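Visitor: Okay, here's the structure, questions in a sec.
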Amino acid sequence: MSTILALETSCDETAVAILRGHDLLASEVASQNFAHEPYGGVVPEVASRNHLVHAPRLLAASLAAAGLALDDVDVFAATSGPGLASSLMIGASLAKGLALGRSKPYLAVNHLEGHLLSPFFGGAAQIEPNLSLIVSGGHTLLVEVRGVSDYRILGRTVDDAAGEAFDKVAKMLGLAYPGGPEIEQHARSGDPARFAFPRSMLDSGDYNFSFSGLKTAVRYMLAKRPNGEAAVADICASFQAAAIDVLIRKTVAAARSRGLRLVTLSGGVSCNGELRTRLKNECDRARLAFLAALPSLSTDNAAMIAFAAAWRFEAGFVSSVTDEIDPNLALA
Ligand code: KG4
Ligand code: ZN
């Protein structure tokens, strides 16, 4: 049973986790939201400087929480892409240095594979074939999964990622960053039918998404309407309903067309309760099994990177410390 220490620094969360077998011994995350909030988005230089401060601290905290020393670690893993180059570099360099210094294997992990496998965390004997919907701040992907590292991308966003649309609409409404949780909260008291926002590409005949038109429709509407508390709640509810409608329809259609009996959901936007509930209900109706990542493993964390590393290590993958990070690393 291997002990894996993983670092995740692809964007603005610094995270370290330790996994033994499939047991999570430690998972530390330092959010930098406060540092980026004034800018309404992630500033790469601010992110990498914060990673430098947080990573060594979280490394020590993780080892202490797990009751382990560095010498007890069998494999050092890190996210090698996709993400911000200056951020990826911090975690990957640290993991490579630790692996090199202790003559232990280094394993590079694709951030998206971390999200994609995260619904299986906690006891899955194998990765069942599934249709994976990954919805995060940087990506919106529909992936046919046949097993570890056997992926085929069926669809993706042609413009904004789903989470990015939540963040941008929240910013227009003067809500805090990140916008997804803010929109969800305001939507609870809003009327999702008040504004008929577009369901872009619903009948495009493929599995791609577009969220830019939806975002623009909100902007036009805001210019026409008073910005009262009720209007904000109704806008949030109507926007959220439109975004979720398209995600659900395409996900279920893709699973059916590929003959997949299981739908999985991961990425930061999968924290959204409305998305989880409605996708689950739709899967029930279509007689599809449904598995979502735990909310605590949905936004960026290192546990999912350690977990993906474990599956990859078991499958015989190792990386070289000379492997470079790749900000545009593809999943398939
Ligand atoms: O996976 P993640 O932590 O980072 C990326 O890899 O991008 O996802 C962050 C995204 C942000 O856009 C955030 O607004 C969104 O996930 N998010 C949500 C919710 N919680 C986080 N979107 C909708 N509803 C939520 N409850
Ligand atoms: Zn992510």
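The values are calculated or read from the model by the stated rules, or taken from the named source; none is laboratory data. Here the structure is a predicted model, which means the values were calculated and not measured. FYI the Cβ positions are ideal-geometry reconstructions off the backbone, even for glycines, and counts take in every protein chain you see. The accessibility values were calculated without ligands, DNA or RNA, using every heavy atom of the protein model including side chains. Shrake-Rupley method; radii C 1.70, N 1.55, O 1.52, S 1.80 Å.
Visitor: Within the stretch 216-238, take every residue that is charged (D, E, K, R) and under 21 Å from residue 188 (Cβ atoms) and give me the one that is modelled with the lowest pLDDT. Even if it seems obvious, please write down each step before you answer.
Guide: Here is the first cut: in the stretch 216-238, the ones charged (D, E, K, R) are 219, 224-225, 229, 234.
If we keep only those that are under 21 Å from residue 188 (Cβ atoms) as well, we get 225, 229, 234.
Working: 225: 68, 229: 65, 234: 95.
Selected residue: 229.
Visitor: Test residue 92 against the stated conditions and say whether it is surrounded by 19 or more Cβ atoms within 10 Å (Cβ to Cβ), of a type outside the set (Lys, Arg) and part of a helix (DSSP H, G or I).
Guide: It is true that residue 92 is surrounded by 19 or more Cβ atoms within 10 Å (Cβ to Cβ), of a type outside the set (Lys, Arg) and part of a helix (DSSP H, G or I).
Visitor: Given the criteria outside the structural domain of residue 88 (by TED's automatic domain parsing), within 16 Å of ligand 1 (Cβ to nearest atom) and within 21 Å of residue 329 (Cβ to Cβ), does residue 109 qualify?
Guide: Judged against the criteria, residue 109 is not a match.
Visitor: Any idea how many residues of the stretch 174-222 are under 19 Å from the mean Cα position of the chain (by Cα) and among the hydrophobic types (A, V, I, L, M, F, W, C)?
Guide: 3
Visitor: If we keep just the residues of the stretch 221-277 that are assigned to a loop (DSSP other than H, G, I, E, B) and of a type outside the set (S, T, N, Q), which is farthest from ligand 2 (Cβ to nearest atom)?
Guide: Here the answer is 226.
Visitor: Here is a list: 3, 14, 9. Which entry is open to solvent by less than 30 Å² (accessible area, probe 1.4 Å) and over 19 Å from the mean Cα position of the chain (by Cα)?
Guide: 3
Visitor: Within the stretch 148-157, can one find any residue that is within 16 Å of ligand 2 (Cβ to nearest atom) and either surrounded by 24 or more Cβ atoms within 10 Å (Cβ to Cβ) or farther than 21 Å from residue 326 by Cβ (or both)?
Guide: There is no residue in the stretch 148-157 that is within 16 Å of ligand 2 (Cβ to nearest atom) and either surrounded by 24 or more Cβ atoms within 10 Å (Cβ to Cβ) or farther than 21 Å from residue 326 by Cβ (or both).
Condition check ((1) open to solvent by 30 Å² or more (accessible area, probe 1.4 Å); (2) among the polar types (S, T, N, Q); (3) closer than 22 Å to residue 139 by Cβ; (4) in contact (Cβ under 8 Å) with a residue 24 or more places away in the chain) across all residues:
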position	(1), (2), (3), (4)
161	no, no, yes, yes
171	yes, no, yes, yes
204	yes, yes, yes, no
231	no, no, no, no
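Visitor: Related question: Would you point out the residue of the stretch 289-323, among those that are open to solvent by less than 10 Å² (accessible area, probe 1.4 Å) and part of a loop (DSSP other than H, G, I, E, B), that is nearest to residue 237 (Cα to Cα)?
Guide: Selected residue: 298.
Visitor: Does residue 317 meet the test of being aromatic (Phe, Trp, Tyr) and in contact with a strand residue (DSSP E or B) (Cβ under 6 Å, 6 or more places away or on another chain)?
Guide: no
Visitor: Going through 65, 69, 60 one at a time, which residue ends up being more than 30 Å from residue 175 (Cβ to Cβ) and touching a residue at least 24 places away in the same chain (Cβ under 8 Å)?
Guide: Of the residues listed, the single one that is more than 30 Å from residue 175 (Cβ to Cβ) and touching a residue at least 24 places away in the same chain (Cβ under 8 Å) is 65.
Visitor: Of the residues that make up the stretch 282-301, is at least one on the phi < 0 side of the Ramachandran plot, within 15 Å of ligand 1 (Cβ to nearest atom) and in contact with a Leu (Cβ under 6 Å, 6 or more places away or on another chain)?
Guide: yes
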